[in-house]
Amino acid sequence: MKRIIILGSTGSIGTQTLEVIEHLSDDWNVIGLTANTNIDLLEKQANKYKPEFLVVMDEYHAKKLKNRLADQAVEVLSGPAGLNYLAGQVESDLLINALVGAVGLAPTVAALEKGSRIGLANKETLVIGGQIIEKYLSNPLNKILPIDSEHNAVFQLLAGHKEKEIAKIILTASGGPFLNLEKDRLETVTVKEALNHPNWDMGGKITIDSATMMNKGLEVIEAHYLFKQPYDKIKVVIHPESIVHSMVEFIDSSIMAELGVADMRIPIQNILTYPERVSSLGKNLDLFTVGALNFEEPDFEKFPALGLAYTAGKEGGSLPVILNAANEVAVMGFLANKIRFTDITYIVEKVMDSYERKDNPLLEEIYMIDKEAREMAEGVMKECY
Ligand SMILES: NC(=O)c1ccc[n+]([C@@H]2O[C@H](COP(=O)([O-])OP(=O)(O)OC[C@H]3O[C@@H](n4cnc5c(N)ncnc54)[C@H](OP(=O)(O)O)[C@@H]3O)[C@@H](O)[C@H]2O)c1
């Protein structure tokens, strides 16, 4: 049996990864699981999958979980050091990074330092640390397999092709819940409305990012590092049905697309069984029920987050770190009903404009920039109350 570690096992991607593992029955032995604070679910997962290691972010919850599982042979670790130990020191055949936010970078780096195969859902890893991560990929032991549905689609489409054959990567975007809402109405949309994604059921942060279209912007940066393409070759197309998960245009003018129902268990399984394919939990796509597939240009004026992400990606250096940090703070502020929906991109833009930039930040510098940009974003957010 192959050994698997899932960082963020209590989240949307984490729980779906465990569903896929159950579906694949005897193939995988779950070695390590982690949560931020949801120890009730982590305890249930520990009872079911009997991992060797658990990680909980704060000491208080870790102790509580340790007491509850006192009769089990499981080591309960805590904090970033626990995450890094699990990712960097414990042997696995595949590590799934399903953490949300910038916290995902350090364990990815720890895993790559020892040589690892990583199923990456945590897009923030590449957004803030892409320049660092790409250096590790020259080690043949290291492999990053994309779980994000768009990147998984491109990954599948590129099988057997060379990077020089790519003319364009076309990332599809549903456009989120506000695609057809008038721009002026965005100021007053509620958290509930923003969380109501038309096609995908996901964690809170990515759902808000989808509503602002920052999610697609982060994915543009992610695609740049995964597929080594310049930004002018990475395009975004609005496709409200979310049936085409992305496309690649090749230099001979052929466009290939990957289609399917919107179900993250399909790309997750694709990575777990790669390069083989076996039947999945996903439903088959019925093209007659779908009927029509629509495509339109993104509105950069209505959704400025997309343009901000292109700007940050093209400039590189510290700017994507600043963009991501400010966005995480602003999204949490919106989810806590402290600011308006439109304040999210206002805060991101203001912090991007104000924070001093740096080329090629080292890992420690990325954390420092992340911390300071968050503080700055908290300050700007107060102006919005
Ligand atoms: N959900 C999707 O369909 C989807 C699709 C494509 C890509 N992604 C990407 O996949 C990643 C995970 O998304 P998600 O929707 O699964 O997120 P989620 O449901 O919010 O789950 C996040 C996981 O990370 C843990 N976590 C949260 N904050 C943490 C912290 N500060 N330190 C350590 N652990 C922390 C959570 O623990 P608790 O449960 O204890 O809070 C949970 O296990 C994101 O980067 C997202 O953009 C998601």
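With 10 Å bins beginning at zero, the pair-distance distribution over Cα atoms of region 190-267 amounts to 15, 44, 33, 7, 1 %. Note that region 2-147 carries a Kirkwood radius of 15.0 Å, evaluated over its alpha carbons pair by pair.
Here's how it looks for Ile96: its modeled amide H is under 5 Å from those of Ile5, Ile6, Leu7, Gly119, which are all 5 or more places away or on a different chain.
The solvent-accessible area of Ser253, taken with every protein chain present and a 1.4 Å probe, is close to 90 Å².
Note that the chain, at 10 °C in a medium of 1.306 mPa s, gets a Stokes-Einstein diffusion coefficient of 75 µm²/s from its Kirkwood radius over C-alpha pairs. Ellipticity at 222 nm from helices only: DSSP H runs of n ≥ 4 in the chain, each -39500 (n - 2.57), divided by the residue count, give -14000 deg cm²/dmol.
Suppose every Lys and Arg Cβ carries +1 and every Asp and Glu Cβ carries -1, with no other charges. What dipole size does the chain come out with about its Cα centre, to the nearest 20 debye?
Numbers: 38 positive and 54 negative charges, 125 e Å.
Here the size comes out at about 600 debye.
Under a Gaussian network description of the chain, with springs only between Cα atoms under 10 Å, the residue in Thr15, Thr212, Thr108 that fluctuates furthest is Thr15. For region 316-385, the alpha-carbon coordinates run over 35, 18, 16 Å along the three principal axes, in decreasing order. Mind checking which aspartates and glutamates have their C-alpha under 13 Å from Lys371, skipping anything on the same chain fewer than 8 residues away? Straight-distance partners of Lys371: Glu328.
Run the dipole for region 193-330 about the Cα centre, Lys and Arg Cβ at +1, Asp and Glu Cβ at -1, nothing else charged, and hand back the magnitude in debye, nearest 20. Walk me through the numbers before you get to the answer.
On the way: 10 positive and 19 negative charges, 64 e Å.
With Lys and Arg at +1 and Asp and Glu at -1, about 300 debye.
Comparing Tyr355, Tyr274, Tyr310 in a Gaussian network model of the chain, where Cα atoms under 10 Å apart are tied by springs, the biggest mean-square fluctuation is seen for Tyr274.
Hydrodynamic estimate: the Kirkwood radius of region 294-349 over Cα pairs, inserted into Stokes-Einstein at 37 °C and 0.692 mPa s, corresponds to D of 273 µm²/s.
Tell me the carbon and sulfur percent of the accessible area for region 81-224, rounded to whole percent, probe radius 1.4 Å.
Details: 2500 of 5180 Å².
That fraction is 48 percent.
Multiplying the residue separation of Asp26 and Glu163 by 0.36 nm and subtracting their alpha-carbon distance yields 45.7 nm. Here region 86-159 is described by how far its Cα atoms reach on the three principal axes: 33, 26, 21 Å, from widest to narrowest. Comparing Ile238, Ile255, Ile31 in a Gaussian network model of the chain (Cα springs below 10 Å), the most mobile by mean-square fluctuation is Ile255.
Taking all Cα pairs closer than 8 Å and separated by 6 or more residues, the relative contact order of region 262-385 comes to 25 percent. Once divided by 2.2 N^0.38 Å, the Cα radius of gyration of region 138-248 becomes 1.18.
The values are calculated or read from the model by the stated rules, or taken from the named source; none is laboratory data. This structure is a prediction, so every number in the text was calculated from the model and none was measured. Reconstructed Cβ throughout: ideal geometry from the backbone, glycine too, with neighbour counts over all protein chains shown. The accessibility values were calculated without ligands, DNA or RNA, using every heavy atom of the protein model including side chains. Shrake-Rupley method; radii C 1.70, N 1.55, O 1.52, S 1.80 Å.
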